[in-house]
Structure formats: structure tokens, C-alpha cells
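The values are calculated or read from the model by the stated rules, or taken from the named source; none is laboratory data. Keep in mind that this is a model prediction, so the values were computed, not measured. Methodologically, a virtual Cβ is constructed for each residue, glycine included, from the backbone with ideal geometry; neighbour enumeration extends over all protein chains shown. For the accessible areas, the whole protein counts, side chains as well, though only heavy atoms, and no ligand, DNA or RNA atoms are used. Shrake-Rupley method; radii C 1.70, N 1.55, O 1.52, S 1.80 Å.
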Amino acid sequence: MAKEIRTIGVMTSGGDAQGMNPCIRAVVRSALNSGLKVKGIIKGYSGLLNNDIVDMTAASVGNIINRGGTILYTARCPEFIDPDPEKAAAAHAKAAENAKLHGIDGLVVIGGDGSWQGAQKLSQHGINVVGVPGTIDRDIACTEYTIGFDSAVNIALEAVIRLRDTSASHERCSVLEVMGRHCGEIALWAGLCGGADAILIPEQPESANLDYILKVIRENRARGKNHNIIVVAEGIGHSQDLAKEIQEITGIESRATILGHVQRGGAPTALDIKHASMMGAYAVDLLVRGANNRAVAYRDGEYVDFDIDEALAMPKRTSLDIIEVNRRISTYN
Ligand code: ADP
Ligand code: F6P
């Protein structure tokens, strides 16, 4: 028989993302409206280890729907991934024990696939867990959307648009580095939507081939284009070096801009708030129904859920079609 849930916990974990706040709001309000008690865990799994846990009321989440960041703070918790498996297992057990001491029998973890792996461990220690995809990276295989992506990618696009003005005025080549340590989705979308000459992503190391980049720049210059935009994902990196090389080899003045954490701040877009609200409420429904070790996802226009183990085993998909289409439409004859 499914375990009856009386008190749920909610936490944000890993890198923050715009939309985490409206997601917390949705979890808290829908849980309270289902007759549950809600506890907020401060700073992800570290909060469970340190008993940094607070009561949440409907008012605790007032006026946060449009705010970036996370009122629950977020963190990486090194104890959970200690290289010594015995120490890591002890941390998982301690966190679960502390959750139980606070009466928490169900937990919503808003974070990326790393955070979901932490949730898996708590599930093995008797806490019913549901993961919600919260990361600007849009790099979780089971879901077509992750909360924060739209806000972040629009900031990256805005940067491309601004860089184009100044690049065109000075007839320069601009190299823009956007976030995505292991994943090129922000670079792909911002590059395509900003009309980049080339997009460099870690999933396709050959996209960073210098000869190809130089060829595109030279061809586009020969066609009369007076500026260039190269979008680089953080996982490729070396943007300053790339700008220097382009300048030295082609003689075209080149500058690198590393956008950084500005992509993770500011108000969430409507798309992020919508997904955050729907996924937060969906996660609570799952816990109320007695679900455990599940992950919320968005696929084919619907909210669905998967076993976390299965979700994490799915092969990651990269929008490589964007590179191919961008190659066709960012040049002309
Ligand atoms: P994200 O959730 O954005 O992918 P991280 O990969 O940094 O971010 O993970 C956030 C936290 O989740 C880690 O600091 C750690 O506490 C926990 N975590 C990550 N991977 C695991 C794992 N394999 N087992 C247990 N906990 C993990
Ligand atoms: O939020 C996701 C992400 O921005 C990745 O693209 C990046 O690799 C990582 O987080 C960097 O986060 P931080 O600078 O907080 O370690």
C-alpha cells in the first residue's frame, strides 16, 4: 500500500535557475491546499545535513512569482558525492534521518540531473522523492524543457543583439561565450536566433575546428558582411584565445565577451513561470498519490513523469539540427 504523505519538504539544489521561485510557490501552495504541511529545506542537501529546515506557509511564498534566484538558497553538497562511498552513503542516511526527524515523508527536489541523483539516494532511505527539472542548461534527457532555460537563452540572445550593434560599427568579429559546461543548448538557441556565423558546442568538438571558423568568417566577409558573431558554449571555452587567433590570422579585429552568471539572474519569463508552476503542482500530486523516485518531465506538450533511474539512464539529445540549419542560413551566395 502506498505510504500516506502528511508533510512534504521542498528544496532547490545545484545551480540556480530563473523559475525556481515560482516552482517553490506552486509546491507550497498546492501542498497546503491538499492538506499537507510543508517544510522548506535551506541550501539543498546541505540543509538536510545541517537541519536547516523551516516551516512554509502560503505567505512564505508571497510576492516571489516573478523573482529570479531561489528564496530557499541553493548549494552543491560535497558530502553527498564524497569519493569514499562509505562516507557518501553515511551522508545520504543522515540526511534521510534528519528529514524524518522533521516529519518529512515526501520531498520535492528542484534541480538538475545531479540533484536528482541525490534524490535517488534519499528514496533508498525511505523518503518519497520527486525531482523537478530546474536548470538553465536544458540538458536532462527525459524532458524537452528545464525550468530556467527560456530566461537564460533570452539573456544570451539579447547579448548577441547588443554585440552585433557594436561589432558592425567597428567591423569586428565578436566571440560570445555563454553558459553550458557540458551542454550546448543555450549556445545553439542563442546562436541560431541571433544569426551567428558559427556555434561551438561541447557535444560536437569538431564545431570548434579553427579552419572551419576562419573559412566561414572569410566567406562571409567576401560576401560583404562587415562583422561576425561566433557563439561559444562554456564547455568549449578558450574564447579569449579564439578571438586572439582570429585576429592574428585574419587581421580582423576580434573581441571576446564571456557572459557568465548574468544568464542566471533576473525575472523568469512567462514560459519559465508557466512550466515552473505546472511542474511544481504536478510534483505535489505525485507525492499525494504515493509516488516515489519519480521525475517530472514535459514531453509532446504534456506533463508526464518517469522513474528517476529510467530518466537518468536515457541518452541525452542535443539539438544538432540547429547547427546544420544555422550553417545553411547564416551564409548566402
Ligand atoms: P545539478 O542538479 O544542477 O545537476 P550538481 O550536479 O552540482 O547540479 O548536483 C547538485 C548536488 O546534488 C551535488 O552537489 C550533490 O550534493 C548532489 N548530487 C549530485 N550527484 C550526486 C550523486 N551521484 N549522488 C548523490 N548526490 C549527488
Ligand atoms: O546552471 C547550469 C550551469 O550554468 C552550467 O552551464 C555551468 O556549467 C554551471 O552551472 C556553472 O555553475 P557555477 O558557476 O554556479 O558553478
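The table below gives the values:
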{"quantity": "Qualifying residue in the range 249-268 (condition: within 24 Å of the chain's Cα centre (by Cα) and of a type in the set (D, E, K, R))", "calculated": "yes"}
{"quantity": "Qualifying position, being farther than 21 Å from TYR303 by Cα and either within 12 Å of ligand 1 (Cβ to nearest atom) or not assigned by TED's automatic domain parsing to the domain that holds ALA233 (or both), among THR135, THR57", "calculated": "THR57"}
{"quantity": "Meets criteria (buried (at least 20 other Cβ atoms within 10 Å of the Cβ) and more than 8 Å from ligand 1 (Cβ to nearest atom)) for ALA89", "calculated": "no"}
{"quantity": "Any hit, the range 16-39, residues being away from ligand 1 (no atom under 16 Å from the Cβ), charged (D, E, K, R) and touching a strand residue (DSSP E or B) at 6+ places or on another chain (Cβ under 7 Å)", "calculated": "yes"}
{"quantity": "Spans of strands (runs of 3 or more DSSP E) in the range 23-137 with at least 2 residues under 17 Å from the mean Cα position of the chain (by Cα)", "calculated": "106-111, 128-133"}
{"quantity": "Residue that is aliphatic (A, V, I, L, M) and within 16 Å of ligand 2 (Cβ to nearest atom), where the choices are ILE81, ILE104, ILE71", "calculated": "ILE81"}
{"quantity": "Residue ID - most open to solvent (accessible area, probe 1.4 Å), chosen from residues in the range 303-333 that are among the charged types (D, E, K, R) and over 21 Å from GLU185 (Cα atoms)", "calculated": "GLU310"}
{"quantity": "Unmet requirement for ASP16, which otherwise passes all of (1) closer than 27 Å to GLY114 by Cβ; (2) without any contact (Cβ under 8 Å) to a residue 40 or more places away in the chain; (3) open to solvent by 10 Å² or more (accessible area, probe 1.4 Å); (4) not in a helix (DSSP H, G or I)", "calculated": "(2)"}
{"quantity": "Yes/no for GLY180 being part of a loop (DSSP other than H, G, I, E, B) and open to solvent by less than 10 Å² (accessible area, probe 1.4 Å)", "calculated": "yes"}
{"quantity": "The range 141-152, residues that are buried (at least 24 other Cβ atoms within 10 Å of the Cβ) and either under 11 Å from the mean Cα position of the chain (by Cα) or not in a loop (DSSP other than H, G, I, E, B) (or both)", "calculated": "THR146, ILE147, GLY148, PHE149, SER151, ALA152"}
{"quantity": "From ASP321, ASP305, ASP272, ASP309, residue being touching a Gly at 6+ places or on another chain (Cβ under 6 Å) and either within 30 Å of GLN124 (Cβ to Cβ) or in a helix (DSSP H, G or I) (or both)", "calculated": "ASP272"}
{"quantity": "Which numbered condition LEU259 fails, given (1) more than 17 Å from GLY134 (Cα to Cα); (2) modelled with pLDDT under 95; (3) not polar (S, T, N, Q)", "calculated": "(2)"}
{"quantity": "Residue ID - nearest to ligand 2 (Cβ to nearest atom), chosen from residues in the range 283-302 that are buried (at least 23 other Cβ atoms within 10 Å of the Cβ) and in a helix (DSSP H, G or I)", "calculated": "ALA283"}
{"quantity": "Search result, residues across the range 301-318 that are free of Cβ contacts under 8 Å to residues at least 60 places away in the same chain and touching a strand residue (DSSP E or B) at 6+ places or on another chain (Cβ under 7 Å)", "calculated": "TYR303, VAL304, ASP307"}
{"quantity": "Exclusive hit being surrounded by fewer than 15 Cβ atoms within 10 Å (Cβ to Cβ) and either of a type outside the set (Ser, Thr, Tyr) or at pLDDT 95 or above (or both), set GLY237, GLY251", "calculated": "GLY251"}
{"quantity": "Tally, over the range 114-139, of residues that are open to solvent by 10 Å² or more (accessible area, probe 1.4 Å), in contact with a helix residue (DSSP H, G or I) (Cβ under 6 Å, 6 or more places away or on another chain) and within 15 Å of ligand 2 (Cβ to nearest atom)", "calculated": "1"}
{"quantity": "Residue check, ILE161 in contact with a helix residue (DSSP H, G or I) (Cβ under 8 Å, 6 or more places away or on another chain) and more than 9 Å from ligand 1 (Cβ to nearest atom)", "calculated": "no"}
{"quantity": "Per-region count, the range 153-173, residues crowded, with 23+ Cβ neighbours inside 10 Å and in a loop (DSSP other than H, G, I, E, B)", "calculated": "0"}
{"quantity": "Residues that are touching a residue at least 60 places away in the same chain (Cβ under 8 Å), more than 16 Å from ligand 2 (Cβ to nearest atom) and open to solvent by less than 10 Å² (accessible area, probe 1.4 Å), drawn from the range 19-40", "calculated": "PRO22, ILE24, VAL27, ALA31"}
